[in-house]
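These notes are about the structure you will find just below.
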Amino acid sequence: MNPALTTAPPAPREQRSAQYDAFHTARARTDLVSRLYATAMGEDYPAEVAASSSCDWPLLGLMTGRLRMRPGQLLVDAGCGTGGIGLWLARALALRLEGFDLSPVAVAQASDRRPRFGMAADRAAFRVAELEDTGLPDSSAHGIVCVDALGRAANRDVAVRELGRVLAPGGRLVLTRSLRRGAKPAWEEQARAAGLEVEHADERPGEPVMWDRLYRLWVAHADELRRELGEVQAQNMLREAHQVLPMLPGRRAVLLTLRRPAPVPAGPDAADRMSRPGRRPGDGPAPGERTPQ
């Protein structure tokens, strides 16, 4: 499910938490939702991740490259759901992982999934928190991913500032964003307010197409959804489908990479490092340079 596509204002925290708890509880009883996502994505569906989001193989590859993280660094999965995205990235890049979500049920399911990815509890931890108040220390994360979760925030500006606070100098926040046709993005303003800079805005033209296929599958399988998930959860999904389908034509979807600038190196050799041929802002550290740990 993708709250980022809906236009209704966020419900109170307790209500949102209960809604996601009920969804994750219902989904755990059946593989129907996963099968519909797999049908909508085709060969781009990462079955092991099994996220209720737009996360496909191309997005996983793009996030891997944009994060530019090193083994042992800390990755935060913001709005982690059942944990598949963060666990996959942490295993692929040999990272430590901290995930948080609004739903206690999702957090418990994410914790249970660690052994499937070969991740021990001391390397991957999950807890309940929200985007506007993560409870994480300042500058503690070397990278943050936030896939289809910013739309859950009661205040997106506050959420981006909070994630920026957690990001270490030189670290990157990669997050999915979408815009209605004709809407002007507020990404630059949000990034500046959080002390971040927009490093990349990668277009994802296939994402609205995928949501169109998925929502039509939900409508076509309405009876199965009611039977497998129950009337309440099925109605929630069908309501989302009917609300968003007319809004998809012309919708723009991107993966944003926001970077917290690293301090300019000081010392007698700083000018030499900064003036090496072929070096550009945003290229990352040169050989021998280190980013904060």
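Read the figures in this text as sums done on the coordinates, not as results from a lab. Just so it is clear, the model here is predicted, and its values are computed rather than measured. Reconstructed Cβ throughout: ideal geometry from the backbone, glycine too, with neighbour counts over all protein chains shown.
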In whole Å, what is the distance between the alpha-carbon centres of the range 33-50 and the range 159-183? 26
Using just the helices of the chain, give the 222 nm mean residue ellipticity in deg cm²/dmol: DSSP H runs with n ≥ 4 each add -39,500 (n - 2.57), and the total is spread over all residues, rounded to 500. -12000 deg cm²/dmol
Beta carbons within 10 angstrom, averaged per residue: use that to sort the peptides 196-204, 183-191, 18-26, highest first. 18-26, 196-204, 183-191
Work out the length of the dipole vector of the range 185-231 about its Cα centre, built from +1 on the beta-carbon of each Lys and Arg and -1 on the beta-carbon of each Asp and Glu, and round it to the nearest 20 debye. 260
So how compact is the range 170-214: Cα radius of gyration and Dmax in angstrom? 12.9, 38
What label, among (i) 34, 21, 17; (ii) 29, 21, 19; (iii) 43, 25, 16, belongs to semi-axes √(5λ) of the Cα gyration tensor in Å computed from the structure on display? (i)
5 angstrom amide H check on ARG127, placed H, neighbours 5+ away: GLY99, PHE100, ASP101
What is the gain in length, in nm to one decimal, between ARG127 and VAL219 on full extension, counting 0.36 nm per residue of separation less the C-alpha to C-alpha distance? 29.8 nm
I want the antiparallel fraction of DSSP beta bridges within the chain, as a percent rounded to 5. 45
Spin-label proximity, ALA92 to the range 135-166 - amide N less than 18 Å from point 7 Å beyond Cα toward beta carbon: 142-149
Roughly how many nanometres apart are two label points built 7 Å out from the Cα toward the Cβ at ALA120 and GLN15? 4.5
Cα-based helix-to-principal-axis angle, 104-113 vs the chain, degrees rounded to 10: 70
Treating only Lys and Arg (+1) and Asp and Glu (-1) as charged, each at its beta carbon, one finds that the chain has a dipole about its Cα centre, in Debye to the nearest 20, of 400
Could you tell me how many degrees, from 0 to 90 and to the nearest 10, lie between the Cα long axis of helix 84-93 and the main elongation axis, the longest principal axis, of the Cα atoms of the chain? 30
On full extension of the chain, what length is gained from ALA47 through GLN243, given 0.36 nm per residue of separation minus the C-alpha to C-alpha distance? 67.8 nm
Farthest toward the dipole's positive end in the chain, which of PRO46, MET69, VAL147, given Cβ charges of +1 (Lys, Arg) and -1 (Asp, Glu) about the Cα centre? MET69
Evaluate E = 1/(1 + (r/R0)^6) for VAL209 and ALA262, where r is the Cβ-Cβ distance and R0 equals 41 Å; express this FRET efficiency to the nearest 0.05. 0.65
If one takes the longest principal axis of the Cα atoms in the chain, at what angle in degrees, from 0 to 90 and to the nearest 10, does the Cα axis of helix 32-41 lie? 60
With at most 15 other Cβ atoms within 10 Å, longest stretch of the chain clear of loop trypsin sites (Lys or Arg not before Pro) (DSSP): 30-179
